[in-house]
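Have a look at the structure below before the remarks.
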Amino acid sequence: MPQTIVTLSTRGQGLYEFTDQANAFVRLSGMEEGLLTVFVRHTSCSLLIQENADPDVKTDLNSFFRRLVPPSSDPSMGWVVHTMEGPDDMPAHIKAALTQVSIGIPVQKGRLMLGTWQGIYLFEHRDRPHRRDIVLHLST
């Protein structure tokens, strides 16, 4: 079965679209039908399928998650014990636990079966830049 790793460099918290890389992988595989499994190999970021037409969606999602899970330096997060890696680390783990690290996308006629406005995103939850590995695995 075809498999590859896509490496994304992030610039801090936010959504990073990699739909084009996933589409190119499926196209180059030559497979007409199957399932693309997308898996991120980290515990402080996650994956989303989300609208890719209006950038305000990304802005609002970032704002929502920052309000839902503020940095551990925020007084409301005084209960957090894991702080050795910085005030954004444990909140990043919580955000990853609330979202997903693996997504399955059907493939038909050699194309991902995403909707018109859907894109595949890495959701970076850390403040600092990181290199993130995403495994793409296509199976029949």
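Laboratory data are not the source of any read-out in this text; all were calculated from the coordinates shown. A quick note: this is a predicted structure, and the numbers were derived from the prediction, not measured. Positions of Cβ are backbone-derived with ideal geometry, glycine not excepted, and every protein chain shown enters the neighbour counts.
Among residues other than residue 43 with Cβ under 12 Å from its Cβ, the summed charge is +2 (Lys and Arg +1, Asp and Glu -1).
Across every direction, the projection of the convex hull enclosing the Cα atoms of the chain has a mean area of 8.4 nm².
Within the chain, DSSP assigns beta bridges of which about 100% are antiparallel (rounded to the nearest 5). Over the residues of the chain, the helix contribution to mean residue ellipticity at 222 nm works out to -7500 deg cm²/dmol, using -39500 (n - 2.57) for each DSSP H run of at least 4.
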